[in-house]
Amino acid sequence: MTDQDLQQLRREKWRLDGKAIRTIEDARAFIENVGFCMMYPSRPALPLPTFMGAFVGSEERLPTWQHAYSDPRAAEATGLMIRLLRERAAYEANLFDENNAFLVAASVFPYFYALVGERNPKLAPKAGSRSQYSALACDAFELIRRDGPISKQKLQEALGGSVSLAALDKALGELWSKLRITRVDYNANEGSYWDVLYRWAPDAVKEGVGLSVPEALTALISKYLDCAIAVEPGELEAFFGNFVARSKVKDAVNALLAARELSFVHVGGKSMLQITPAKAAFVSAARPAVR
């Protein structure tokens, strides 16, 4: 395989070949096919598709999140993405950059939850010197649990006028990064709406809690390679290193190599991981691929 071959296969898979998504049916099919994607291109670039690229049908002149406000295409793409969230065809997770949504297909989401979510999701977080959560995050969680789905504006009002938007965003980020809460809607007047994840997606959370980390990780590695076609081992470790220790990623890759689920392919002089071709044909025929 040449570099050009790899890029062409990715363009087709990621809908960058002129076949833009325009309907909710297109959007559902795209997110289910790739499994997960960023909303906008990231810097430095990740070997991941973007919802914005699929919406435009090209990788040329795509806005980053910093410039999305001035690009009318971004507003249209966001509207389509929000429809996916409302109908639970996809979930938005704060696993990279809270300003650049990481979108996960409903069929794949339990596996990410198994890696980063709480094993006892209904147990309220508590603040403390050893806690990952601030007192404000704990108060916000209780309000969302009690009154959600709730807009950020109403949440700020309920917490008291002295709470700044910056402080509230930080607290919400603490909860969101552990998949305690999720954004479920957006309104131009009141902003984002939040709910506790175990209530918004009880089946997905229940399934995620029941999965072991090795089981979830091997499934996601296979899905990632199905999406990216082929990646260097270091790229794969860097991606999943955002969620689990790299040593666990290496163990999972070695297990998949030993089972001949994965194999190496030379691409432009680089040794890259891919799904073993016979397995790839099976994965492409089965939906969802990770199950």
For this session: Report yes if residue 155 is closer than 24 Å to residue 99 by Cβ, at pLDDT below 95 and part of a helix (DSSP H, G or I), otherwise no.
Result: yes
For this session: May I ask you to list the residues in the stretch 183-212 that are at pLDDT 95 or above and out of contact with any strand residue (DSSP E or B) (no Cβ under 8 Å at 6 or more places or on another chain)?
Result: 198, 199, 202, 203, 205, 206, 207, 208, 209, 210, 211, 212
Exercise. Which condition breaks for residue 88 when tested against (1) at positive phi; (2) buried (at least 17 other Cβ atoms within 10 Å of the Cβ); (3) not aliphatic (A, V, I, L, M)?
Worked result: (2)
For this session: Tell me, yes or no, whether the stretch 211-229 has at least one residue that is closer than 21 Å to residue 81 by Cα, outside the structural domain of residue 99 (by TED's automatic domain parsing), under 16 Å from the mean Cα position of the chain (by Cα) and in a strand (DSSP E or B).
Result: no
Problem set entry | Among (1) assigned to a helix (DSSP H, G or I); (2) crowded, with 16+ Cβ neighbours inside 10 Å; (3) aliphatic (A, V, I, L, M), the one test that residue 255 misses | (2)
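Select, from 164, 134, 177, 129, the only residue that is closer than 22 Å to residue 84 by Cα, among the polar types (S, T, N, Q) and not assigned by TED's automatic domain parsing to the domain that holds residue 75.
Working: 164 fails: closer than 22 Å to residue 84 by Cα; 134 fails: closer than 22 Å to residue 84 by Cα; 129 fails: closer than 22 Å to residue 84 by Cα.
Just one listed residue meets the conditions, 177.
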For this session: Confirm whether residue 56 is under 25 Å from residue 178 (Cβ atoms) and either hydrophobic (A, V, I, L, M, F, W, C) or buried (at least 17 other Cβ atoms within 10 Å of the Cβ) (or both).
Result: no
Exercise. Can you find even one residue in the stretch 230-241 that is assigned to a loop (DSSP other than H, G, I, E, B), of a type outside the set (S, T, N, Q), over 30 Å from residue 156 (Cα atoms) and within 16 Å of the chain's Cα centre (by Cα)?
Worked result: yes
For this session: Mind listing whichever residues of the stretch 169-203 are of a type outside the set (S, T, N, Q) and more than 22 Å from the chain's Cα centre (by Cα)?
Result: 188, 190
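Among 54, 45, which is the only one that is in a loop (DSSP other than H, G, I, E, B) and in the same structural domain as residue 100 (by TED's automatic domain parsing)?
Residue meeting the stated conditions: 45.
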For this session: Within the stretch 160-180, identify whether any single residue is in a strand (DSSP E or B) and buried (at least 19 other Cβ atoms within 10 Å of the Cβ), and answer yes or no.
Result: no
For this session: Being more than 18 Å from residue 50 (Cβ to Cβ) and either in contact with a helix residue (DSSP H, G or I) (Cβ under 8 Å, 6 or more places away or on another chain) or assigned to a loop (DSSP other than H, G, I, E, B) (or both) is the filter here, so list the residues in the stretch 83-111 that pass it.
Result: 87, 88, 106, 107, 109, 110, 111
For this session: State whether the residues of the stretch 10-29 include one that is over 28 Å from residue 204 (Cα atoms), of a type outside the set (Phe, Trp, Tyr) and either in the same structural domain as residue 178 (by TED's automatic domain parsing) or touching a residue at least 60 places away in the same chain (Cβ under 8 Å) (or both).
Result: yes
Exercise. Does any residue in the stretch 65-79 that is touching a residue at least 12 places away in the same chain (Cβ under 8 Å) come within less than 6 Å, Cβ to Cβ, of a residue that is of a type in the set (Lys, Arg) and outside any helix (DSSP H, G or I) six or more places away or on a different chain, and which pairs are these?
Worked result: none
Exercise. Taking the stated definitions as given, is residue 69 in contact with a helix residue (DSSP H, G or I) (Cβ under 9 Å, 6 or more places away or on another chain), over 21 Å from residue 268 (Cβ atoms) and assigned to a loop (DSSP other than H, G, I, E, B)?
Worked result: no
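Check 201, 188 and return the single one that is crowded, with 17+ Cβ neighbours inside 10 Å and of a type in the set (Gly, Ala, Ser).
After applying the criteria, what remains is 201.
The values are calculated or read from the model by the stated rules, or taken from the named source; none is laboratory data. Source: prediction; values computed, not measured. For neighbour counting, all protein chains shown are included, and Cβ atoms are generated from backbone atoms with ideal geometry for every residue, glycine included.
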